[in-house]
Structures are given as structure tokens and as C-alpha cells.
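*Asks:* There's a structure below that I have some questions on.
Read-outs throughout are calculated quantities, based only on the coordinates presented, and are distinct from any laboratory measurement. Since the model is a prediction, treat every value here as computed from it, not as a measurement. Methodologically, a virtual Cβ is constructed for each residue, glycine included, from the backbone with ideal geometry; neighbour enumeration extends over all protein chains shown.
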Amino acid sequence: MTTSPWTSRQPLDSRPVVPVEFGPLVARRDDEPMRRFRRYGLGQFIHFGLYSLLGGEYDGVRAPGAPEWIRAWHGPTAPADWTTIYDGLNESFDPAGLDARVWARQAKAMGARYVIFTTKHHDGFALWPSAHSAYSVANSPFGRDLVGEVVDAYTAEGIDVFLYFSVLDWSHPGYSDGPPETDRARAGWQEFLDYTRAQLLELLDRYPAARGFWFDGTWGRAWVSSYEFTHALEQELRERRPGLIIGSRFRNDEHGARHFDTNGRLLGDYEQGWERKLPADRAMLGGNDWDCVMTIGPNAWGWMRNTAGEYQKTADDLIELLMRCRSMGGNLVINFGPDADGRMTAYEDAVAEQLGAWISANADAVYDVGPADLDASGIGWLTASEDRLFLTVVNRPVNGVARLRLPADAARVPVSARLLASGRPLELRRTDLGLDLDDAVHYDTVLPADFAADRAFVIELTLGAPEGETVKRAEAWM
């Protein structure tokens, strides 16, 4: 079994059990909120904040690294007194074109069923009028409760809202990456912990429609060493909001194990570590729920003013990533970074429109489906509902035959086939390849010679009982 790249997790049966007091608070859930999570299929991530005013550069000079990290700019190219300049951006924060209702309508048309929105990024600037920090939209020309507007707009469109929250906070004087070593530092860190708890409870109280939290910035050694506090805080959050969904990135156990405790058990409701990466196969997931958050560019979450020389994922790229996720039971969450005026970029608009058109035509293969327990086809990705199998073809076979391998004793097999988007019937035939020591049977769907497609397409196969008997192979002795 290949281990996940962000953890030393091993198969549960291959390691000695270690006593863990601050491990998982919940086992795998099967309540309605988590069943709903599994049905989402597609989500949207929005990174927006003070960094969006800059687009990854200042005074014509491009900062190194991702644009949402620009406050951490240092070295010879950084402007003099840079952190002071950045921390004063709240005084000019007033995105004139921002309308959360426009964002939400676009997300709906794209096919997103949930959104993750940055309530507070690493700079500490709160996009709601927090009673626990002066560094918020309340002290900006914008003045409005942007988190509230997002929650209301997306909820009105039937899209569930998850709140992104960065624990790392450069604005708070008590924040520390390393464990505090002096009485003064320890007092400051405790103030920071109290402030973090207060803001999280405030978000729950202000926005009862929010479904869950997506946490970031929890890798600092001081946070890792505060496992008793984080364990108690997770418990308090769950008690405050029954059904709340919390990802695996929030905390760690007393041995420092993150995402999974020292014994390999998931720390949260779903695996949150698939950031710009996907599992190689379902075996890596161990039955856990998960989603993959993905940028359109190589690694920019906030708006980037200049993307010259950087590949931008196409709708075709994102369709394949979406269906790879769905074939393994996960959701794909595509990131958008609105510009300084609060508008999506023209490229994001185009990708959202193209993706939405494809999903609308192939929705049955995307939503309310799970993995299909069949061998990989080599030409695309498989999803399944109770009585249907969907093959999203991303590599069209040159011979025009889409072949699937099924166990010879399968109780249900394909009995008819059609193109999902158009409903056009397709020829389906059972094929016995006659491979020795292989009792599998193959079902071939024949693609018409006149069928043209300029992007991935879906073959829908209806399942039913096998018809007729298998032809007995002639015996041959070796």
C-alpha cells in the first residue's frame, strides 16, 4: 500500500497499537450531512482577501510564491517596511464589483453543490465583522459582512457553505510557530488560543446555515503541541453545531500525528490532505470520505495579476479530474480567485461555463453515484448508481470499442448501452476472449463511426440479470 504523501500513515494491521488519548472524536459517520457530502460531486473554493488587491505583485514587482502568501514576502526584492504596508491594506479594501449573488449563480450554473469560502486567511484579516478583532471588514471602506453575504447567496441557490479558517494568523501578537518558551510568550499564546476559539464559536453562532469548517495553517509546532486544547475545542464545536463537518486538517494527537492519529485513524470526518493531488487508487483511502481541492493554475489560490508562462487548466482537464475523483468516491473542489474588484476572471468565467454545460448533460454520472467495483477500463473513469454504470471516456479507443471487464459470475451485467448526453442507443455485445485461467467476461460497447465528440463523453450502461448461458469453451490440454 502506498502511503499518503503528507503523513507516515501505515496500514492498520502492520503496526503496533500505540495508546492515544487525544485521537478521533468520531468514527465514520453515516448521518444525513455526511451522506449529503458524498453526493456533492463538485465544489467551488473561493480565495479572497486583502491579498486579492495585489494580484501577487506590488509596485510592478512580482513577489515570489503564491499570491495569497504575499505578506510573507522577504529578501532583497521585498519593498521596504513591507509588512506595515500590507497590514494597512484594510484601509483601502473596497472591492467595487463584488456581488456574492453573481458568484453563487455562476457556481450553480457550473454544477457546484458546495462552496468553501475564506473567512480569514493567514494574514488574519476577517471578512466578517468579528467582535474579537479590529482587523476586519468592519474597519475597511467595504464595511459589509462578506461572509454573511456569501452564506446567504449560496444558500439561496441551494449550495452548501463550508467556512475556510486559517489558524495561522500573522496579525495576532500572541501567535507563534514554535512552542512558547517564556512566561510572556506562553501568556501570549494562551491569548491567541482563546481568540481562535472565540472566533470559531462566533462563526458558528453568526452563520447557522454553514455546514462545516475547512481548516488551514495548523502545521505550526505551537499548535501541534496544544493537542489538549484542540481536542477540547473540536468537541465544543461539535456540541455547538450537531452535524457539523470537520476535515482532518484541524488537529493532531499527543504524538504529533496529523490528519491521522498514530494508529492510522482519521482525525475528522473526511480526509482533507488531497490538495492539488489525487490518490492513485481507492486502496489509498482506506474507506475514508475525502475531497480534492484543486487550483486552475499551477499553485495560485488568490488572484494572480500576471499568469504569463503558467499553464491554466482547461475544462477538459477539470472534467477528467472530476471524474477521477468520483470514480474513487471523492469530490473535486475547483478554486476561484476573484480579482481586486471582486470579480471572477474572464478565464474562470469561460471554464465555469464549459464545465457547467458538460455536467448538465452528464449529471447522472457525476451526482449521487459511487465507485464501481470493476477493473479500470484504461479509457476512462467508472461511476455507478444502483442499476446503472457510467463510463466517462477520456481516451477514445481507436477501434471504436469501449470494453469493460466483469467477473464471470457477476449477478448483474450490462444489458443495454447509450450515450448519456444524447440518449443515442449503442450496440452492446458480450465478448468471451477465451483467456486461459481467466474466467472474466467482457462487455463491448460499439461507438458509431459517425459519432464525433470534442471532449469527454459518457456511456450509460443499464444493469440487469445475465441473459443466456456462457458458451462452453473447447477443452485443450497442455
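*Asks:* Taking the Cα centre of the stretch 98-239 as origin, sum charge times position over the Cβ atoms of Lys and Arg (+1) and Asp and Glu (-1), and report the length of that vector in debye to the nearest 20.
*Replies:* Dipole of the stretch 98-239, to the nearest 20 debye: 440 debye.
*Asks:* How much length would be gained if the chain were fully extended between Ala408 and Arg238, taking 0.36 nm per residue of separation minus their Cα-Cα distance, in nm to one decimal?
*Replies:* Gain in length upon complete extension: 56.5 nm.
*Asks:* Projected onto the charge dipole of the stretch 98-166 (+1 at Lys/Arg Cβ, -1 at Asp/Glu Cβ, origin at the Cα centre), which of Pro141, Trp103, Pro129 gives the Cα projection farthest towards the positive end?
*Replies:* Towards the positive end, the residue furthest out is Trp103.
*Asks:* What does a probe at Asp59 reach in the stretch 82-117, counting residues whose amide N is under 20 Å from the point 7 Å along Cα→Cβ?
*Replies:* 82-93
*Asks:* May I pose another question? Taking the Cα-to-Cβ direction at Asp438 and at Ala185 and moving 7 Å from each Cα, how far apart do the two end points lie in nm?
*Replies:* 6.2
*Asks:* Let me have the relative contact order for the chain, percent, based on Cα pairs under 8 Å that are six or more residues apart.
*Replies:* With pairs under 8 Å counted, the relative contact order is 17 percent.
*Asks:* Also, I was wondering about something else. Which residue, chosen from Tyr347, Leu433, Ile459, occupies the Cα position most advanced towards the positive end of the dipole of the stretch 330-478, where the dipole is computed from +1 (Lys, Arg) and -1 (Asp, Glu) charges on Cβ about the Cα centre?
*Replies:* The residue sitting farthest along the positive end of the dipole is Leu433.
*Asks:* In deg cm²/dmol and to the nearest 500, what is the mean residue ellipticity at 222 nm of the chain if only DSSP H runs of at least 4 residues count, each as -39500 (n - 2.57), divided by the residue total?
*Replies:* One gets -7000 deg cm²/dmol as the mean residue ellipticity at 222 nm.
*Asks:* Where both partners of a DSSP beta bridge lie in the chain, what percent of those bridges are antiparallel, to the nearest 5?
*Replies:* 55
*Asks:* Could you give the size of the charge dipole of the chain about its Cα centre, using +1 on the Cβ of each K and R and -1 on the Cβ of each D and E, expressed in debye and rounded to the nearest 20?
*Replies:* With Lys and Arg at +1 and Asp and Glu at -1, about 500 debye.
*Asks:* Take Thr83 and Ala283, extend 7 Å from each Cα along the Cα→Cβ direction, and tell me the distance between the two endpoints in nm.
*Replies:* With each label placed 7 Å out from Cα toward Cβ, I get 4.8 nm.
*Asks:* If you don't mind, there's one more thing I want to ask. Go through the stretch 8-97 and name the trypsin sites (Lys or Arg not before Pro) that are in a DSSP coil and have 16 or fewer other Cβ atoms within 10 Å of their Cβ. Walk me through the numbers before you get to the answer.
*Replies:* On the way: sites: Arg9, Arg28, Arg29, Arg35, Arg36, Arg38, Arg39, Arg62, Arg71; in loops: Arg9, Arg28, Arg29.
Hits after loop and neighbour filter: Arg28, Arg29.
*Asks:* Lysine pairs in the chain 8 or more apart or on different chains: how many have alpha carbons under 29 angstrom apart?
*Replies:* Here the count comes out as 6.
*Asks:* Report the net charge of residues surrounding Thr119, where surrounding means a beta-carbon distance below 13 angstrom and charges are Lys +1, Arg +1, Asp -1, Glu -1.
*Replies:* -4
*Asks:* Alpha carbon centre of the stretch 243-271 versus the stretch 304-328: separation in Å?
*Replies:* Each part reduced to its Cα centre gives a spacing of 28 Å.
*Asks:* Got a sec? How would Phe93, Phe213 order by Cβ neighbour count within 10 Å, fewest to most?
*Replies:* Placing the least packed residue first, the sequence is Phe93, Phe213.
*Asks:* A follow-up question, please. Add +1 for every Lys or Arg and -1 for every Asp or Glu among the other residues with Cβ under 12 Å from the Cβ of Tyr195, and state the total.
*Replies:* -2
*Asks:* Now for a different question. With r as the distance between the Cβ atoms of Val398 and Ala346 and R0 = 41 Å, compute the FRET efficiency 1/(1 + (r/R0)^6) and round to 0.05.
*Replies:* Here the calculated transfer efficiency is 0.70.
*Asks:* Sort Glu320, Glu275, Glu21 so the one with the fewest other Cβ atoms within 10 Å of its own Cβ comes first.
*Replies:* The most exposed by this proxy come first: Glu21, Glu275, Glu320.
*Asks:* Can you tell which of Ala257, Met294, Leu374 lies farthest toward the positive end of the dipole of the chain, using +1 and -1 charges on the Cβ of basic and acidic side chains (Lys, Arg; Asp, Glu)?
*Replies:* Leu374
*Asks:* How many angstrom separate the Cα center of the stretch 348-373 from the Cα center of the stretch 33-89?
*Replies:* So the two Cα centres are separated by 29 Å.
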